[in-house]
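Peer 1: Have a look at the structure that comes next, please.
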Amino acid sequence: MKKYYRRMLKYYTKHPMYADTIHVLGGIGFGIILARPLAGEHTVRWGVAFLVLSLAGHWWAATAKD
């Protein structure tokens, strides 16, 4: 597990805009889920979609050979 964490940190230091984008997507996902009444229909679906994108980005950074 530490190996993937170190790889992810190394990738994020080389690609700060990617790291920012991934974390913004996660924040949007949490925000949509927390503000359910304000976001309209299908809020959980959209929130989970953004969170999945964020987690997929973290997985990509942890397994990238960069």
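Peer 1: Which one is surrounded by the most Cβ atoms within 10 Å (Cβ to Cβ), of the residues in the range 22-38 that are within 9 Å of the chain's Cα centre (by Cα) and among the small types (Gly, Ala, Ser)?
Peer 2: That would be Gly29.
Peer 1: Kindly list the number of the only condition in (1) surrounded by fewer than 14 Cβ atoms within 10 Å (Cβ to Cβ); (2) assigned to a helix (DSSP H, G or I); (3) at pLDDT below 90 that fails for Tyr12.
Peer 2: All conditions are met except number (1).
Peer 1: Would you check if Leu51 is in contact with a Gly (Cβ under 8 Å, 6 or more places away or on another chain), part of a helix (DSSP H, G or I) and not β-branched (Val, Ile, Thr)? Walk me through how you get there before you give the answer.
Peer 2: Numbers: in contact with a Gly (Cβ under 8 Å, 6 or more places away or on another chain): yes; part of a helix (DSSP H, G or I): yes; not β-branched (Val, Ile, Thr): yes.
When the stated conditions are applied, Leu51 passes them.
Peer 1: Shifting gears a bit: List the pairs whose first member sits in the range 45-66 and is polar (S, T, N, Q), whose second member is surrounded by 14 or more Cβ atoms within 10 Å (Cβ to Cβ) and in a helix (DSSP H, G or I), and whose Cβ atoms are under 6 Å apart, counting only residues at least 6 apart or on separate chains?
Peer 2: Ser54/Ile22; Ser54/Leu25; Ser54/Gly26
Peer 1: Of all residues being more than 10 Å from Phe30 (Cα to Cα) and among the β-branched types (Val, Ile, Thr) in the range 41-66, which is modelled with the highest pLDDT? Just the residue, please.
Peer 2: Here the residue is Val52.
Peer 1: Taking the options Ala19, Ala62, name whichever one is of a type in the set (A, V, I, L, M, F, W, C), surrounded by 15 or more Cβ atoms within 10 Å (Cβ to Cβ), touching a Lys or Arg at 6+ places or on another chain (Cβ under 7 Å) and part of a helix (DSSP H, G or I). I'd like the intermediate steps shown before the answer.
Peer 2: Values: Ala19 fails: touching a Lys or Arg at 6+ places or on another chain (Cβ under 7 Å).
Result: Ala62 is the single residue among Ala19, Ala62 that is of a type in the set (A, V, I, L, M, F, W, C), surrounded by 15 or more Cβ atoms within 10 Å (Cβ to Cβ), touching a Lys or Arg at 6+ places or on another chain (Cβ under 7 Å) and part of a helix (DSSP H, G or I).
The values are calculated or read from the model by the stated rules, or taken from the named source; none is laboratory data. Since we're looking at a predicted model, the values are computed, not measured. Counting neighbours? That spans all protein chains shown, and the Cβs are built from the backbone with ideal geometry, glycine included.
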